[in-house]
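All remarks here apply to the structure that follows.
The values are calculated or read from the model by the stated rules, or taken from the named source; none is laboratory data. All values derive from a computational prediction rather than experimental measurement. Note that each Cβ is placed from the backbone with ideal geometry, even for glycine, and that neighbours are counted across all protein chains shown. Note: areas computed on protein heavy atoms with side chains; ligands, DNA, RNA excluded. Shrake-Rupley method; radii C 1.70, N 1.55, O 1.52, S 1.80 Å.
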Amino acid sequence: MAAMKILPLLVSAALLGAVLALPNYVDLIPNGANVRLPCSGSVCAVGHQNPAGEGALNAFGYDFASAGRKWTQALCLQDSDGDGVSNGQELGDPECVWRVGESPARSSDISNPGVNENNVKC
Ligand SMILES: [Ca+2]
């Protein structure tokens, strides 16, 4: 009888643990929560075509996935959106030294490495 009462709790705890274990990609790149849309200035998803996130990836999203969803020196040095500015420069890590949990070298003038702002008309 006691086991029947405990089982739902164990299942709930396991599900909660699975949900909490989902990767939070925002924390895996420098200034991941600090990237804004070029026109509205609203915070946006970095690796997706949809600024609200989910769905189709943009060029940076594909490069991030190819890098194993990690901020690597190669990913930092890439220019995913082809605007002539490296991903690291766009995300405030121009020296490509940022590590998860650290503060990036710069947290202002951040741009989206998946959106070529030169082609955006507001
Ligand atoms: Ca770029």
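Applying the criterion of being charged (D, E, K, R) and near the ligand (Cβ under 10 Å from one of its atoms) to the residues of the range 58-81, the residue that is surrounded by the most Cβ atoms within 10 Å (Cβ to Cβ) is 81. Just one of the listed residues (101, 114) is at positive phi and within 14 Å of the chain's Cα centre (by Cα), and it is 101.
Of all residues in the range 82-112, those that are open to solvent by 30 Å² or more (accessible area, probe 1.4 Å), small (Gly, Ala, Ser) and away from the ligand (no atom under 12 Å from the Cβ) total 5. Of all the listed residues (23, 38), the sole one being part of a loop (DSSP other than H, G, I, E, B) and either modelled with pLDDT of 85 or more or open to solvent by 70 Å² or more (accessible area, probe 1.4 Å) (or both) is 23.
Restricting the search to the range 113-122, which residues are open to solvent by 100 Å² or more (accessible area, probe 1.4 Å) and either within 16 Å of the ligand (Cβ to nearest atom) or acidic (Asp, Glu) (or both)? Passing the criteria: 118, 119. Scanning the range 64-88 for residues that are without any contact (Cβ under 8 Å) to a residue 40 or more places away in the chain and of a type in the set (D, E, K, R) returns 79, 81, 83. Evaluation of residue 76 against the conditions (1) within 21 Å of residue 117 (Cβ to Cβ); (2) not in a helix (DSSP H, G or I) shows that the sole unmet condition is (2).
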